[in-house]
Amino acid sequence: DHLRMISQLQTDRGGEFTSGPEGNEKRRSVFDKYCIRRDIARRLTSALSPNQNGRAERANRTLFNTMRCNLMDSQMGWSHWFDAYKMGAYARNRTPKKGGRPSAYERFYRREPGYKRMVPFGTVADIQYKKINKESLDRSVEARVIGYPDDTPGWIFEVAGARRPYVTSHARFDRSRT
């Protein structure tokens, strides 16, 4: 169980990690009870004091800077901010730390991550998109990488004119074009 690795959780009382604060006048929240069952110590910082939660605030700042760089490099626009943020987090969690320390992925899964499918956000690729006429010479369409699926190897693509992102593991990348 991976949750046993978490021994202490520090939050800023902002509501993201609480389902109602613990207090004298209220019963323990659902999240508080969960932490108690899992033997996870809770540390709460003062509200509206990001300086007390420096590591988390710095991590968020780094991820937001990565997101902005992804969007600028790809020229895909702010409508893809969430995809750019997720790809930044994906890369950050797999990148080894200074001094040869293992990445977050390695600490969590106890194995080295695979880097084979990592490509820059917005990279252009030719993909086989849905059903294509087998007699046609052009059997692929141009698409851009916007993420990695959680449940299968491959990439998530944005295909021009399509309503939804398309997931496939069959792609030929043009790394000179992002």
Along the Cα→Cβ direction, 7 angstrom out, place labels at residue 111 and residue 164. What is the inter-label distance in nm? 3.0 nm
Go through 78-90, 106-118, 142-154 and give me the packing order, highest mean Cβ count within 10 Å leading. 78-90, 142-154, 106-118
Tell me, what is the FRET efficiency for residue 140 and residue 68 to the nearest 0.05, using R0 = 45 angstrom and their Cβ-Cβ distance as r? 0.90
Can you list the residues, at least 5 places off or on another chain, whose amide H is less than 5 Å from the amide H of residue 157, using H built in the peptide plane? 146, 166, 167, 168
P(r), alpha carbons of the range 42-178 - 5 Å bins starting at zero, rounded %: 2, 9, 15, 18, 17, 14, 10, 7, 4, 3, 1, 1, 0, 0
Sequence gap at least 6, Cα distance under 8 Å: using those rules, report the relative contact order of the range 27-110 to the nearest whole percent. 15 percent
So, taking all protein chains as they sit and a 1.4 Å probe, how much accessible area belongs to residue 130, in Å² rounded to tens? 120 Å²
Surrounding charge for residue 114, neighbours by C-beta under 12 angstrom, Lys/Arg +1, Asp/Glu -1, total +2
Contour excess over end-to-end distance, with Cα ends at residue 60 and residue 98 and 0.36 nm allotted per residue: 11.8 nm
Please compute the net charge surrounding residue 43, taking Lys and Arg as +1 and Asp and Glu as -1 over other residues with Cβ under 11 Å from its Cβ. +1
Count charges around residue 64 for me, please; just the other residues with Cβ under 13 Å from its Cβ, Lys/Arg as +1, Asp/Glu as -1. +4
Amide H partners (placed H, <5 Å) of residue 103, local residues excluded: 97
Residue by residue, what Karplus-based ³J(HN,Hα) values in Hz, rounded to whole numbers, does the range 40-47 have, using 6.51, -1.76 and 1.60 with θ = phi - 60° and x for Gly and Pro? 9, 6, 9, 10, 10, 8, 5, 5
Between the range 73-101 and the range 148-178, the alpha-carbon center distance in angstrom: 16 Å
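The values are calculated or read from the model by the stated rules, or taken from the named source; none is laboratory data. Since the structure is predicted, the reported quantities are computational estimates derived from the model, not experimental observations. Please note: Cβ atoms are built from the backbone with ideal geometry, for glycine as well, and neighbour counts cover all protein chains shown. Please note that ligands, DNA and RNA were not included when accessible areas were found on the heavy atoms of the full protein model with its side chains. Shrake-Rupley method; radii C 1.70, N 1.55, O 1.52, S 1.80 Å.
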